[in-house]
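The values are calculated or read from the model by the stated rules, or taken from the named source; none is laboratory data. Nothing here was measured: the structure is a model prediction, and the numbers come from that model. Don't worry about glycine lacking a Cβ; one is built from the backbone with ideal geometry, like all the others, and counts go over all protein chains shown.
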Amino acid sequence: MLKPAKLDSAALAARLQKGDRVALAQAITLAESSLEEHQTLAGKVLKVAFNPSHSSKRLAITGVPGAGKSTFINALGTWLCKQGKKVAVLSIDPSSEKSKGSILGDKTRMEELSREENAFIRPSPSSGELGGIGRRTREAILLCEAAGYEIILIETVGVGQSETEAQHLSDIFLLLLVTGAGDDLQGIKRGIMELADIVVINKADGANAATAGHYRQTIANSVHLFPAMDSGWIPQTLLCSSTESTGIEKVWNTAISYFEKAELSGYFQEKRKNQNQYWLHRMLEDKLIADFYNSPVYKTLKDSPHNELSTTQDIKTALEQYYASLAKK
Ligand code: GDP
């Protein structure tokens with residue numbers, strides 16, 4: 001366990017800025033810690049190391065387990081590293097059996113990528129409710145950017161709630177689908193489909209290539225029926241094989257054209273601004289709630305006999321007592 005007293009935030013920030021992956025991993029561990037002392041240190045590191053002029057691209061990649069997310073990220077990430085890019089991989093997946101916070105688990109999933117000097121792969125935060133993981137993932141993104149990573153791939157599992165969270169963390173949303181899994185199984189609820197800027201039909205190889213082609217057309221037809229996106233972007237539906245690394249470059253070029261359009265229209269900047277506001281409010285709310293729950297007033301309220309007759313008035317009184325206790329501090 002890291003001993004905060006022994007950690008010098010300025011030294012850690014300096015190592016981070018030089019792109020030291022061990023320092024980056026340490027800083028993320030601090031940000032993910034539930035100890036306030038650790039979080040404060042992570043905040044200090046970020047304040048020193050973060051360079052707002054550094055431009056980055058944040059991509060959320062989703063799909064049900066088995067759709068090939070890790071294989072796709074491995075292929076895309078490796079290809080990007082070969083183009084000289086620095087790529088970080090993070091995930092929001094509180095329930096994943098395979099992540100469980102094990103570095104080895106994620107490294108073997110993305111073996112080729114983990115050998116790249118320009119890649120940083122961080123396993124999912126192993127526990128915690130989703131909201132907490134979102135905040136921690138956000139700090140991890142910023143720390144990766146401070147360490148010079150220009151492309152951040154955020155993996156989420158396609159089950160609903162983590163996609164909403166990913167929307168607040170990423171610039172662009174990629175949905176990975178495969179043929180034969182059945183739309184229901186793939187969680188292609190309209191909501192998730194409507195979020196996708198790029199739909200990628202993965203495993204378009206071997207005997208499956210032709211079926212994947214037909215499936216792409218079906219998906220492309222339905223995507224066109226969706227209401228226009230706020231960004232003005234028309235969602236694209238592409239084919240790829242992550243195991244054979246085909247179609248990967250096209251996916252990237254499509255993402256780049258999304259970024260170019262979004263930056264030109266100001267949508268990119270606006271979205272980042274709204275995300276900053278969202279996280280400010282979230283952090284504020286989390287802190288207020290945590291402080292209240294830790295207060296003696298809440299403990300008394302919780303232990304007092306209450307029943308169905310507990311009213312908003314009781315809550316109001318408790319909150320008034322809490323505010324009064326703050327004023328006395
Ligand atoms: P995840 O659960 O979404 O991360 O999926 P994985 O990346 O672990 O892939 C699930 C399985 O599908 C593995 O056995 C992969 O080898 C396989 N797979 C992934 N991508 C492809 C692909 O493009 N073509 C083929 N044929 N198999 C793939």
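The residue that is modelled with the lowest pLDDT, among those in region 280-324 that are of a type in the set (Ser, Thr, Tyr) and more than 30 Å from Gly134 (Cβ to Cβ), is Ser310. Among the conditions (1) more than 26 Å from Lys82 (Cβ to Cβ); (2) assigned by TED's automatic domain parsing to the domain that holds Ala67, the only one that Arg282 does not satisfy is (2). Scanning region 171-217 for residues that are away from the ligand (no atom under 14 Å from the Cβ), surrounded by fewer than 16 Cβ atoms within 10 Å (Cβ to Cβ) and modelled with pLDDT under 90 returns Gly182, Asp183, Asp184, Lys189, Arg190, Gly191, Glu194. Taking region 24-66 as the range and being within 13 Å of the ligand (Cβ to nearest atom) and over 18 Å from the mean Cα position of the chain (by Cα) as the test, only Gly66 passes.
Using the structure shown, decide if Gly77 is within 16 Å of the ligand (Cβ to nearest atom) and in the same structural domain as Ile121 (by TED's automatic domain parsing). Yes; evaluated as a whole, the condition is true for this residue.
Just a yes or no: is a residue in region 242-258 away from the ligand (no atom under 16 Å from the Cβ), assigned to a helix (DSSP H, G or I), among the hydroxyl-bearing types (Ser, Thr, Tyr) and at pLDDT below 95? Break it down stepwise before answering.
Of region 242-258, the ones away from the ligand (no atom under 16 Å from the Cβ) are 253-258.
Still in the list and also assigned to a helix (DSSP H, G or I): 253-258.
Within this subset, residues satisfying the condition of being among the hydroxyl-bearing types (Ser, Thr, Tyr) are 254, 257-258.
Then drop every residue that is not at pLDDT below 95, which leaves none.
Taking every residue of region 242-258 in turn, none turns out to be away from the ligand (no atom under 16 Å from the Cβ), assigned to a helix (DSSP H, G or I), among the hydroxyl-bearing types (Ser, Thr, Tyr) and at pLDDT below 95.
Quick one: would you say Glu249 is out of contact with any strand residue (DSSP E or B) (no Cβ under 8 Å at 6 or more places or on another chain), outside the structural domain of Leu80 (by TED's automatic domain parsing) and under 25 Å from Glu150 (Cβ atoms)? Criteria not met by Glu249.
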